[in-house]
Amino acid sequence: MRRKVLSIDGGGVRAIIPAMILSEIEKRTGQPIAELFDLMAGTSSGGVLALGLVKPGPNGLPEYAAQDGVRLFATQSERIFSRSLWHRVRSVWSIEQEKYQSEGIESVFRQYFDDALLSDALSDVVISGYDIERRKPLFFKSSVCKRGDESAHDFPMWQVARAASAAPTYFEPCKIEIRDRSQHLAVIDAGIFANNPGMCALAEARLMYPGDDYLLVSLGTGALTRPLPYSDAKDWGLRQWVQPIIGISFDGASATVDYQLTQALPPGQYVRIQATLIGCNDDMDDASPANLRAIQSLAEDLIAANDQTLDSLCESLVH
């Protein structure tokens, strides 16, 4: 049996790109993403998108279509990446504290996910994070929550989304109380080691469906193109490297996993759709109207350029 697996990279507001691709897939197949894939994996904003696609509505069907994910990032990013003048001053313009306050992102996710739990997911999801107190990767898995194996870790979807999005320097770590409140998790964005969660998705699929083969669909949020000139970087110290090194980590991790999956899976079992970030800002928190329009335009061009790939992919997903 062929299991269909979806992997979505992190990338802040650039999650609009995979959301638009998924919307195109829904339009061509006439089916919601939750019915097309057995397993979804997401990092950071990719995890937020995946969770939204498996959240059940009152009728038991997916509450959100992929187009709602586009709308979420296109209309709510300004709230997510918001900060008061007082916070700017107190943080010494992001040098001494996180760049953004958590109230904005938490209010958006509470509203979007309401009281849905991880175990409510209509299709299995794996959302990545990093536990800074236990110093190890952390994977929020709907499958173990559904089985009751880790009922104390059956967290609200909004908290999982918040934890997955806690990018260092941008947001403070997310503290999640475990059910009996005797312990807690302190989680940051996993983009630093798994911005492309494709290999994690494949490992989880092999654990969940041993003996099956797989169709792994990996959606990127854009490869960085902005150069870091040697003449500038050669004299940088810790303060100047902090922001660039995060982008390098995220981008490098994504490209590395793409290479690994290309070697690990036979032809026809791995599809990667990725854009090159030309014409828009690669900063994951640039929620300006002009940049959001540029990202959507880039996604439209990417869909057009991959028309035949998407046709073939949709054929494989419905059969």
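The values are calculated or read from the model by the stated rules, or taken from the named source; none is laboratory data. Quick caveat: nothing in here was measured; it's all calculated off a predicted structure. Positions of Cβ are backbone-derived with ideal geometry, glycine not excepted, and every protein chain shown enters the neighbour counts. Only protein heavy atoms, including side chains, enter the accessible area calculation; ligands, DNA and RNA are left aside. Shrake-Rupley method; radii C 1.70, N 1.55, O 1.52, S 1.80 Å.
What to note about this one:
- Test: residue in the stretch 170-191 that is under 23 Å from S82 (Cβ atoms), of a type in the set (D, E), open to solvent by less than 10 Å² (accessible area, probe 1.4 Å) and under 19 Å from the mean Cα position of the chain (by Cα): yes
- Residues that are among the small types (G, A, S) and either open to solvent by 60 Å² or more (accessible area, probe 1.4 Å) or part of a helix (DSSP H, G or I) (or both), drawn from the stretch 282-319: A290, A294, S297, A299, A304, A305, S312, S316
- Selection status of E98, of a type in the set (D, E), open to solvent by less than 70 Å² (accessible area, probe 1.4 Å) and modelled with pLDDT under 95: yes
- Criterion violated by I246 - all others in (1) modelled with pLDDT of 90 or more; (2) open to solvent by less than 30 Å² (accessible area, probe 1.4 Å) satisfied: (1)
- Residue match in the stretch 260-278 (condition: within 26 Å of R134 (Cβ to Cβ) and either surrounded by fewer than 20 Cβ atoms within 10 Å (Cβ to Cβ) or of a type in the set (A, V, I, L, M) (or both)): yes
- Residues within the stretch 3-28 that are out of contact with any strand residue (DSSP E or B) (no Cβ under 6 Å at 6 or more places or on another chain) and under 13 Å from A66 (Cα atoms), tallied: 12
- When residues of the stretch 133-169 are limited to those that are buried (at least 21 other Cβ atoms within 10 Å of the Cβ) and of a type in the set (S, T, Y), the one farthest from the chain's Cα centre (by Cα): S142
- A163 vs. criteria small (G, A, S) and either modelled with pLDDT of 95 or more or touching a helix residue (DSSP H, G or I) at 6+ places or on another chain (Cβ under 6 Å) (or both): yes
- Candidate set from the stretch 208-225 (those that are over 12 Å from V5 (Cβ atoms) and either in contact with a helix residue (DSSP H, G or I) (Cβ under 8 Å, 6 or more places away or on another chain) or part of a helix (DSSP H, G or I) (or both)); member that is modelled with the lowest pLDDT: L224
- Filter pass, D232 being in contact with a strand residue (DSSP E or B) (Cβ under 7 Å, 6 or more places away or on another chain) and either surrounded by fewer than 17 Cβ atoms within 10 Å (Cβ to Cβ) or in a helix (DSSP H, G or I) (or both): no
- The residue list A299, A304, A264 contains one member that is among the aliphatic types (A, V, I, L, M) and at pLDDT below 95, which is A264.
- Where S182 falls short, out of the listed (1) free of Cβ contacts under 8 Å to residues at least 24 places away in the same chain; (2) under 30 Å from T256 (Cα atoms): (2)
- Spans of helices (runs of 4 or more DSSP H) in the stretch 13-75 with at least 3 residues of a type outside the set (A, V, I, L, M, F, W, C) and surrounded by fewer than 20 Cβ atoms within 10 Å (Cβ to Cβ): 16-29
- Of residues in the stretch 76-93 being assigned to a loop (DSSP other than H, G, I, E, B) and open to solvent by 30 Å² or more (accessible area, probe 1.4 Å), the one modelled with the highest pLDDT: F81
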